[in-house]
1. I'm trying to understand the selection: among the residues of the stretch 174-185, which are touching a residue at least 40 places away in the same chain (Cβ under 8 Å) and among the hydrophobic types (A, V, I, L, M, F, W, C)?
2. So, residue 69, is that one over 25 Å from residue 160 (Cα atoms), buried (at least 19 other Cβ atoms within 10 Å of the Cβ) and in contact (Cβ under 8 Å) with a residue 24 or more places away in the chain or not?
3. Check 7, 40 and return the single one that is more than 18 Å from residue 85 (Cβ to Cβ) and under 16 Å from the mean Cα position of the chain (by Cα).
4. Would a scan of the stretch 128-139 turn up a residue that is closer than 27 Å to residue 91 by Cα, touching a Lys or Arg at 6+ places or on another chain (Cβ under 6 Å) and either in a loop (DSSP other than H, G, I, E, B) or modelled with pLDDT under 95 (or both)?
5. Which of (1) under 27 Å from residue 75 (Cα atoms); (2) at pLDDT below 90; (3) surrounded by 12 or more Cβ atoms within 10 Å (Cβ to Cβ) is the odd one out, the single condition residue 259 does not satisfy?
6. How many residues are at pLDDT below 95 and under 24 Å from residue 246 (Cβ atoms) when one looks only at the stretch 1-58?
7. Kindly establish whether residue 77 is buried (at least 16 other Cβ atoms within 10 Å of the Cβ), under 21 Å from residue 236 (Cβ atoms), among the aliphatic types (A, V, I, L, M) and modelled with pLDDT of 95 or more.
8. Could you check the stretch 89-125 and list, in sequence order, the residues that are under 24 Å from residue 161 (Cα atoms), among the hydrophobic types (A, V, I, L, M, F, W, C) and either surrounded by fewer than 17 Cβ atoms within 10 Å (Cβ to Cβ) or out of contact with any helix residue (DSSP H, G or I) (no Cβ under 9 Å at 6 or more places or on another chain) (or both)?
Amino acid sequence: MINMDLLRVMSFNIRHGKGMDEKIDLKRVAMVIQDQDADLVGLQEVSGLMFWSGFINQMKRLGRITGYPYYCYYPNLKTLLGGLGNGVLSKFPIISSYNQVLISSKEPRGAVIGIIDLGYGKIKFINTHLGLVEEERVEQVNEILDTIKKEDKAILVGDFNASPDKLEIKKVIKRGLKDIFVECREKNLLEPDVTTKMGYTFAYRSKHPDVRIDYIFAGKNIQPLRFKVINSSASDHLPVLAEVKLSSNKHKYSNSGWGEVINK
């Protein structure tokens with residue numbers, strides 16, 4: 001039984017499973033996800049049948065290793081056999097999903113947009129990996145925000161390749177989405193560890209994380225309860241985890257077996 005008073009959400013750029021030791025190890029990635037017991041996981045830089053990852057369908061493999069019954073995956077950088085893109089792992093049914101292709105002049109970018117059935121209601125879960133050019137990121141954020149309607153109960157996660165002071169992040173906040181790290185910091189709800197205190201998730205020209213570019217944002221009717229940055233060597237990014245409350249409804253949703261697997 002899954003208590004839906006609380007929802008644990010993760011964002012993790014897995015660098016196609018390549019850890020800080022430069023070895024590809026999906027079991028290590030899966031262990032991070034399982035250890036945190038996340039209900040919804042947005043994954044970036046997931047490889048599908050690419051030569052550098054041994055032509056493995058990484059999303060399918062991660063779904064089986066973790067035991068998560070539902071997943072979806074959309075490559076943005078495409079090759080003849082596979083590609084590189086974003087995916088979602090979920091403990092709850094993904095009743096629909098699609099890839100919002102974003103304006104990109106260099107490496108193609110996109111946002112996975114899924115509708116998740118929590119058993120008593122639905123949320124819109126968006127997972128993205130923005131580009132390296134600031135002007136493009138602003139346009140990409142605009143495109144993503146256009147997919148969020150006023151009535152949506154939405155959670156937006158991803159690698160934004162932008163620090164909190166950048167215009168693209170300010171646009172997200174201006175639209176009414178809450179930066180859960182900031183919300184929890186102001187309410188003294190951060191996990192009490194050094195990694196989380198600073199919020200840094202990536203090392204830019206540094207041996208240690210010194211920038212915050214990975215985010216979890218929440219829309220209306222979603223209350224931030226806790227946030228932490230997870231100390232891990234499974235990728236060059238540190239994953240982030242948020243615990244949120246969506247409803248005071250005491251209903252519990254039971255899920256058994258694998259059920260339907262969405263893999264587009």
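The values are calculated or read from the model by the stated rules, or taken from the named source; none is laboratory data. Since this is a predicted model, take the numbers as computed values, not measurements. All Cβ positions, glycine included, derive from the backbone under ideal geometry; neighbour counts span all protein chains shown.
1. 177, 180, 181, 184, listed by residue number.
2. yes
3. One residue alone meets the criteria, 7.
4. yes
5. (3)
6. Matching residues across the stretch 1-58 total 6.
7. no
8. Matches in the stretch 89-125: 101, 103, 112, 125.
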